[in-house]
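Peer 1: There's a structure below that I have some questions on.
The values are calculated or read from the model by the stated rules, or taken from the named source; none is laboratory data. Model, not experiment: these values are computed from the prediction. Cβ atoms come from the backbone with ideal geometry, glycine included; neighbour counts cover every protein chain shown. For accessibility, only protein heavy atoms count, side chains too; no ligands or nucleic acids. Shrake-Rupley method; radii C 1.70, N 1.55, O 1.52, S 1.80 Å.
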Amino acid sequence: DAANGKERGVYAPAYIGGNQFIISSTQPDSVQTQGINPNHSRLFYATITNAGITEMSALPISASDPAMNQGAAAISTDGKYLYISQWKKEKGKTVSSIYYSTKEENEWTAPKLLASVNQKEFNSKQPFISADGKYLYFASDRPGGAGGFDIWYAPIKSDGSTGEPIN
């Protein structure tokens with residue numbers, strides 16, 4: 001029960017301001033589909049105090065794929081763009097990519113794949129924005145790194161998309 005500080009499975013807090021955060025938490029889906037695991041990680045707005053999480057509500061994102069899990073998130077310094085790790089199993093292999101969404105009124109638009117950050121058959125995840133808001137940092141096992149998961153960064157463009165990543 002989140003209101004009583006007994007929350008479980010709360011991950012990757014992203015600071016918004018004050019005592020407001022975006023978190024990832026595993027919750028059972030309200031509609032269950034045969035053959036699909038009913039427990040998915042989703043993003044939530046959370047109010048965190050010394051007593052723990054005192055409020056938690058689903059982050060409203062349009063047209064989210066119900067088979068996708070949502071993990072670590074980062075918000076641009078101007079609050080207009082949300083960067084999200086999303087993953088699902090494909091052919092028995094977990095594939096993770098970074099998407100971005102634009103804030104329109106009180107809702108985030110359908111997540112769009114960050115084309116420059118993601119490479120087919122490789123993973124990109126754990127987005128983080130530099131304090132000056134100019135760069136998106138992320139972990140990836142894409143070619144060109146030292147091996148395994150490396151830290152990469154890409155310049156953030158004015159439309160929220162990113163330029164070419166640098167290892």
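Peer 1: Would it be correct to say that ILE75 is among the β-branched types (Val, Ile, Thr) and open to solvent by less than 30 Å² (accessible area, probe 1.4 Å)? Write out each step before concluding.
Peer 2: Values: among the β-branched types (Val, Ile, Thr): yes; open to solvent by less than 30 Å² (accessible area, probe 1.4 Å): no.
Answer is no for this residue.
Peer 1: Listed residues GLU107, GLU164; which is closer than 23 Å to SER25 by Cα and acidic (Asp, Glu)?
Peer 2: Only one candidate qualifies: GLU107.
Peer 1: Right, next: What single numbered condition from (1) surrounded by 17 or more Cβ atoms within 10 Å (Cβ to Cβ); (2) modelled with pLDDT under 85 fails to hold for ASN39?
Peer 2: Among (1) surrounded by 17 or more Cβ atoms within 10 Å (Cβ to Cβ); (2) modelled with pLDDT under 85, the lone unmet condition for ASN39 is (1).
Peer 1: Taking only the range 111-127 into account, find how many residues are under 15 Å from ALA73 (Cβ atoms) and in a loop (DSSP other than H, G, I, E, B).
Peer 2: The number of residues fulfilling the criteria is 3.
Peer 1: Which of the residues spanning the range 51-67 are of a type outside the set (Ser, Thr, Tyr), on the phi < 0 side of the Ramachandran plot, open to solvent by 20 Å² or more (accessible area, probe 1.4 Å) and assigned to a loop (DSSP other than H, G, I, E, B)?
Peer 2: Passing the criteria: ALA51, PRO60, ASP65, PRO66, ALA67.
Peer 1: Follow-up. For the range 128-145, enumerate the residues that are within 21 Å of LYS89 (Cβ to Cβ) and either touching a helix residue (DSSP H, G or I) at 6+ places or on another chain (Cβ under 8 Å) or not in a loop (DSSP other than H, G, I, E, B) (or both).
Peer 2: Initially, the range 128-145 is screened for residues within 21 Å of LYS89 (Cβ to Cβ), giving 138-142.
Once the filter is applied, which keeps residues that are within 21 Å of LYS89 (Cβ to Cβ) and either touching a helix residue (DSSP H, G or I) at 6+ places or on another chain (Cβ under 8 Å) or not in a loop (DSSP other than H, G, I, E, B) (or both), the range 128-145 yields PHE138, ALA139, SER140.
Peer 1: Inside the range 146-155, can you point out the residues that are under 25 Å from GLU90 (Cα atoms) and modelled with pLDDT of 95 or more?
Peer 2: Here is the first cut: in the range 146-155, the ones under 25 Å from GLU90 (Cα atoms) are 147-152.
Result: ASP150, ILE151, TRP152.
Peer 1: Quick check on this structure: which one of ALA72, ALA46 is over 13 Å from the mean Cα position of the chain (by Cα), assigned to a strand (DSSP E or B), modelled with pLDDT of 80 or more and not hydroxyl-bearing (Ser, Thr, Tyr)?
Peer 2: ALA46
Peer 1: Among the listed residues LYS125, LYS89, identify the single one that is touching a Ser or Thr at 6+ places or on another chain (Cβ under 6 Å) and open to solvent by 40 Å² or more (accessible area, probe 1.4 Å).
Peer 2: Just a single option satisfies the conditions, and that option is LYS125.
Peer 1: Pairs, please: C-beta under 9 Å, at least 6 apart or cross-chain, first residue over 24 Å from LYS80 (Cβ atoms) and open to solvent by 50 Å² or more (accessible area, probe 1.4 Å) and in the range 133-162, second aliphatic (A, V, I, L, M) and modelled with pLDDT of 95 or more?
Peer 2: Matching pairs, first to second residue: PHE149/ALA139; ILE151/ALA139.
Peer 1: Output the residues belonging to the range 96-131 that are among the polar types (S, T, N, Q) and on the phi > 0 side of the Ramachandran plot.
Peer 2: Of everything in the range 96-131, just one residue is among the polar types (S, T, N, Q) and on the phi > 0 side of the Ramachandran plot, namely GLN126.
Peer 1: Considering every residue within the range 101-108, establish whether at least one is among the hydrophobic types (A, V, I, L, M, F, W, C), surrounded by 15 or more Cβ atoms within 10 Å (Cβ to Cβ) and at pLDDT 95 or above.
Peer 2: Within the range 101-108 (the criterion being among the hydrophobic types (A, V, I, L, M, F, W, C), surrounded by 15 or more Cβ atoms within 10 Å (Cβ to Cβ) and at pLDDT 95 or above), the answer is no, since none of the residues qualifies.
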